[in-house]
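Values quoted throughout were computed directly from the atomic coordinates according to the rules given, and no laboratory measurement underlies them. Everything numeric in this text was worked out from a predicted model, so none of it was measured. As a convention, Cβ positions derive from the backbone with ideal geometry for all residues, glycine included, and neighbour counts pool all protein chains shown.
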Amino acid sequence: MWGHRDRSPGAAGSDAVMGTTGRHELWVEEPAKRRRMPDPVRTAAVRAVLIIALTLIQAMIALLCTLADSWLAFPMVLSSVGSTVVATWGVLDVWVTRQVWNQRNGVVSVPASTARRLRRERRQARRAARTRVRAPENIRTQSGTGQLTHP
């Protein structure tokens with residue numbers, strides 16, 4: 001019989017033979033490798049992709065019009081040059097928007113706080129070493145009796 005599959009336990013390809021008895025999920029969600037882009041950056045990126053796509057379509061039409069010796073070729077070439085400038089602006093807009101987002105919403109840097117702690121520890125060690133070195137200068141004997149006092 002065409003289209004009829006044998007579902008007996010010994011049939012090749014059945015769940016029992018393959019070692020799985022449960023249902024298989026069609027969609028298995030995996031954790032994202034990167035964090036989601038912030039909304040303004042994503043909006044700028046979508047805008048840039050659309051502008052670039054339209055610019056490429058316009059350039060292809062200009063090329064085909066040129067090959068066909070159409071009167072539309074010259075205006076299309078001129079508008080393609082303008083669209084290239086706009087597409088460049090769109091890409092720069094994504095870059096600038098991303099930089100502004102990072103500055104305003106602050107990428108919290110854990111290593112900076114670690115470095116701050118290390119600098120504080122080094123500074124305290126230097127101060128302690130300085131006070132150990134200066135200690136003999138600060139100690140004076142009292143009238144040659146051998147008794148130590150501080151000024």
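With the simple model of a label 7 Å out from the Cα in the direction of the Cβ, residue 103 to residue 26 spans 4.8 nm.
If the chain linking residue 120 and residue 49 were pulled fully straight, counting 0.36 nm for each residue of separation and taking away their Cα-Cα distance, it would gain 20.8 nm.
Suppose the chain between residue 86 and residue 64 were pulled fully straight at 0.36 nm per residue; how much longer would it get relative to their current alpha carbon spacing?
Working: separation 22, 0.36 × 22 = 7.92 nm, distance 2.18 nm.
Separation in residues times 0.36 nm, less the Cα-Cα distance, equals 5.7 nm.
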